[in-house]
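Student: Take a look at this one; I'll ask things after.
Taken together, the values in this text are just the output of simple stated rules run on the coordinates, not laboratory data. All of these numbers come straight from a predicted model, not from anything done at the bench. Ideal geometry is used to build each Cβ from the backbone, glycine not excepted, and the neighbour counts take in all protein chains shown.
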């Protein structure tokens, strides 16, 4: 991976909102089922990222970006629960790599960054969901994530077709070394 990965604070998310929106739109237009339907309007993508800045400021989200030659080419987010009985876990959300930057290890690098940061924050369990039979599934399996199950017709793909989603989890930090 030649890109550099950095964690963003809320003002940095806002300063990069246009580039982050471009990345989100590229990911959706490339067919990734990440919660949006195609075509994704640029203003909608910008508004979505602006809302994430508030979550970062409140400590509910941690966002990292991968930059190559100064351009945002990838991102990953950890979402932290607000309930006292779930502070040991976090959800990995919105792992995205621009279509023209794929195949260089960026997704794996972003995934590793999020896993290591979770461990550093005392998180012992990560979880995520991804479209069943997507390219992302191979990444998660090869990175040691465990498949928990499949939910049929969970979310619509960008073209509006209902698709199954596979749930994954991974023990990290002390839980990983104990297991």
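Student: From largest to smallest, what semi-axes in whole angstrom does the stretch 44-105 give when each is the square root of 5 times an eigenvalue of its alpha carbon gyration tensor?
Tutor: 25, 15, 9
Student: Using a/c under 1.5 as the rounded threshold, could you call the stretch 56-147 rounded, prolate or oblate? The axes a ≥ b ≥ c are square roots of the C-alpha gyration tensor eigenvalues, and prolate needs a/b larger than b/c, oblate otherwise.
Tutor: Oblate, because a/c is 1.5 or more while a/b does not exceed b/c.
Student: Turning to a different aspect of this structure: Is the shape of the stretch 1-91 rounded, prolate or oblate, going by the alpha carbon gyration tensor and its root eigenvalues a ≥ b ≥ c, with a/c under 1.5 for rounded and a/b larger than b/c for prolate?
Tutor: Taking the square roots of the gyration eigenvalues as a ≥ b ≥ c, the stretch 1-91 is prolate.
Student: Still on this structure, I have one more. Using only alpha carbons, build the gyration tensor for the stretch 1-156 and give me the equivalent ellipsoid semi-axes, biggest first, whole Å. Show your work: numbers first, answer last.
Tutor: Numbers: eigenvalues 91, 75, 57 Å².
Semi-axes from the Cα gyration tensor: 21, 19, 17 Å.
Student: On to the next question. What order, most packed first, do the peptides 59-67, 89-97 have when packing is the mean number of other Cβ atoms within 10 Å of each residue?
Tutor: So the order, starting with the most tightly packed, is 89-97, 59-67.
Student: Going by C-beta contacts inside 10 Å, put 112, 177 in order with the fewest on the left.
Tutor: Placing the least packed residue first, the sequence is 177, 112.
Student: OK, next. Per DSSP H run of n ≥ 4, the term is -39500 (n - 2.57); total these for the chain, divide by its residue number, and report the mean residue ellipticity at 222 nm rounded to 500 deg cm²/dmol.
Tutor: -10500 deg cm²/dmol
Student: Give me 123, 34 sorted ascending by neighbouring Cβ count inside 10 Å, so fewest comes first.
Tutor: Fewest-to-most ranking of 123, 34: 34, 123.
Student: Same structure, new question: Among 4, 124, 130, rank each residue by its count of other Cβ atoms within 10 Å, from fewest to most, as a rough exposure measure.
Tutor: Result, fewest neighbours first: 4, 124, 130.
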